[in-house]
1. Please specify each residue of the stretch A:75-89 satisfying the condition of being surrounded by fewer than 23 Cβ atoms within 10 Å (Cβ to Cβ) and more than 10 Å from ligand 1 (Cβ to nearest atom).
2. Consider only pairs whose beta carbons are under 6 Å apart and that are at least six residues apart or on different chains; among these, list those whose first residue lies in the stretch A:276-296 and is in a helix (DSSP H, G or I) and whose second residue is among the aliphatic types (A, V, I, L, M).
3. Here are the criteria: (1) out of contact with any His (no Cβ under 9 Å at 6 or more places or on another chain); (2) in contact (Cβ under 8 Å) with a residue 60 or more places away in the chain. Tell me which single one residue A:210 does not satisfy.
4. Return yes when residue B:206 is among the β-branched types (Val, Ile, Thr) and in a helix (DSSP H, G or I) and no when it is not.
5. Just to verify a result, which residue in the stretch A:56-73, among those that are within 16 Å of ligand 2 (Cβ to nearest atom) and within 8 Å of another protein chain (Cβ to nearest Cβ), is surrounded by the most Cβ atoms within 10 Å (Cβ to Cβ)?
Amino acid sequence: MYTQGLVSIEGAGGAEEERFQARVDAEERIEPNDWMPEAYRRTLMRQISQHAHSEIVGMLPEGNWITRAPSLKRKAALLAKVQDEGGHGLYLYAAAETLGSSREEMVDALLEGRAKYSSIFNYPTRTWADIGAIGWLVDGAAIMNQIPLCRCSYGPYARAMIRICREESFHQRQGYEIMLTLCRGTEAQKAMAQDALDRWWWPCLMMFGPPDAQSQHGDASTRWKIKRFSNDGLRQKFIDATVPQAHYLGLTVPDPELRFDQASGHWLTGAIDWEEFRRVLAGGGVCNRERMEARRRAHEEGAWVREAALAYAAKQRRVAA
Amino acid sequence: MSVAIAVAETPLVRFLLGRADDALILGHRLSEWTGHAPILEEELALANMGLDLIGQARALYAMAAEAEGAAHDEDDYAYLRDEGQFRNLLIVERPRGDFADTMLRQALYAIYAEMFWQATSRSTHRELAGFAAKAAKEMAYHVRHAGAWVMRLGGGTVESHARAQAALERLAPYLDEMFDGEDPSLAAIAPDVPALRKDWDSAARTLLGEAGLTLPDVPYPQRGGRVGRHGETLGHLLAMFQHLHRSHPGATW
Ligand SMILES: [Fe+2]
Ligand SMILES: [Fe+2]
């Protein structure tokens, strides 16, 4: 999901590339100082930085409820969760930096609108139940996408993902537990939980990216063992895991065509509205503008702080010298 | 809407609620930075300090509940008291302001709180004494972290220096209140708070001096938080903080 919107670039042959491919095929990890095709480097750089940006922008919709969390326990847990997401951003920027771009350059690309982040964060968090739904569904979908990345051919990315996945699965359980508490609560709480599922279900299915038939990704990323499963395969895994969880909560999945297919053992859904996906990706979501404005404002209002830190460090170095 | 609870405030309950409220309100102010900090590393540090303080508040509310003996819990105290029932210092309810306001307050308050909890670790209230030792360690980290920022801001650029000095001027009227004494009946439980002033003055003035900042003279110090006479900003904070909880009386979250 955090990796949607990638365009693969085919590499250009050669003996070095053959050796590189042989190492990838043998499941060896590629490290920053190893030779790698330029297209591999650029693909990873884009994917990892996009993933990092998603973690950072993703702090905003959940941050929206930290000051209003309904109990001290939930407030502390949510603050810690959003802090984890910031930490994910930090490891991922560090992993991307090993490919030769600085965090400043990557952040500039985001703020100037040249880099993407996951479209899911352009949806608003209207009620407290959205915090439960995000943990359960958005972190849940993220895990489906990210577990295979723990075996990504690029060492620094794979190692960052191992650490991140551990925390994401904690977030997912915590989100589900929020939903469970709401669903066992008052009528108003149950209605809040159902409304959140109604709004987040389809966007979460879109997090896995366009259907395989239309996907421009694929070949090179798959050959390089960056991507190991298809969008549709991961989406189906998510659906199969999540539908029974929704039923356990006593909630209705907002899809009249949803049915269990005995023959394949899968839950089959109705058609996904890819028009909505394209619209939100292109800037037409409820919060696209607010998200970018919030990030730009934090960056601009923080400029004097960063300048002060640099100036002070430079003065300290002069004193030491 | 839930109506406010009535709290049977013995001196001990009032003392514990005051310290819990300090931690909760300051923790809330720090949490307002989430997603908006100037540097990613600071997102994490501000959240860390906020989590320490919210954790401290929860432990203190639990002790207040035990002292009150009225079956109130942490959320009753946090969500179901009205503004006039909050016992926090005025300094912690001041708006988060810019990064200088936040870090100057954090440093000056943390220097005080570390000393306060250090002294409280010798309390005859066993549970409180144990808690205080841990809280003092947490606040020592806040002193280091926020203190380092006071140095950077004071000694960084012309702008950061001016902002830090302006923040200090805004905070100064609220410092005296920190040293108001507790009820005399609590002599064995609470430390001699006014006696902390001397050490605080020397630590705070050392830090500010090294940062090139000057603590202004304050002709009219502000006080009243401990008896529920707050400024205009706490009401807004509580309106946001309490609204969801109060909109669903009796619900479990
Ligand atoms: Fe994350
Ligand atoms: Fe997460």
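The values are calculated or read from the model by the stated rules, or taken from the named source; none is laboratory data. Source: prediction; values computed, not measured. Cβ placement follows ideal geometry from the backbone for every residue including glycine, while neighbour counts extend to all protein chains displayed.
1. Across the stretch A:75-89, the qualifying residues are A:76, A:77, A:80, A:83.
2. Matching pairs, first to second residue: A:277/A:206; A:291/A:57; A:291/A:60; A:294/A:60; A:296/A:111.
3. (1)
4. yes
5. Among those that are within 16 Å of ligand 2 (Cβ to nearest atom) and within 8 Å of another protein chain (Cβ to nearest Cβ), it is A:59.
Quick grid of which residues meet (1) touching a Gly at 6+ places or on another chain (Cβ under 9 Å); (2) of a type in the set (D, E, K, R); (3) within 14 Å of chain A (Cβ to nearest Cβ); (4) free of Cβ contacts under 8 Å to residues at least 60 places away in the same chain:
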site: B:200; (1), (2), (3), (4): no, no, no, no
site: B:211; (1), (2), (3), (4): yes, no, yes, no
site: B:239; (1), (2), (3), (4): no, no, yes, yes
site: B:247; (1), (2), (3), (4): no, no, yes, no
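Per-residue answers, yes or no, for (1) farther than 19 Å from residue B:229 by Cβ; (2) surrounded by fewer than 21 Cβ atoms within 10 Å (Cβ to Cβ); (3) among the hydroxyl-bearing types (Ser, Thr, Tyr):
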| site | (1), (2), (3) |
| --- | --- |
| B:7 | no, yes, no |
| B:22 | no, no, no |
| B:25 | no, no, no |
| B:60 | yes, no, no |
| B:66 | yes, yes, no |
| B:73 | yes, yes, no |
| B:76 | yes, yes, no |
| B:88 | no, no, no |
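Okay, residues lined up against (1) of a type in the set (Phe, Trp, Tyr); (2) surrounded by fewer than 19 Cβ atoms within 10 Å (Cβ to Cβ); (3) without any contact (Cβ under 8 Å) to a residue 40 or more places away in the chain:
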{"site": "B:138", "(1), (2), (3)": "no, no, no"}
{"site": "B:148", "(1), (2), (3)": "no, yes, yes"}
{"site": "B:155", "(1), (2), (3)": "no, no, no"}
{"site": "B:160", "(1), (2), (3)": "no, no, no"}
{"site": "B:183", "(1), (2), (3)": "no, yes, no"}
{"site": "B:187", "(1), (2), (3)": "no, yes, yes"}
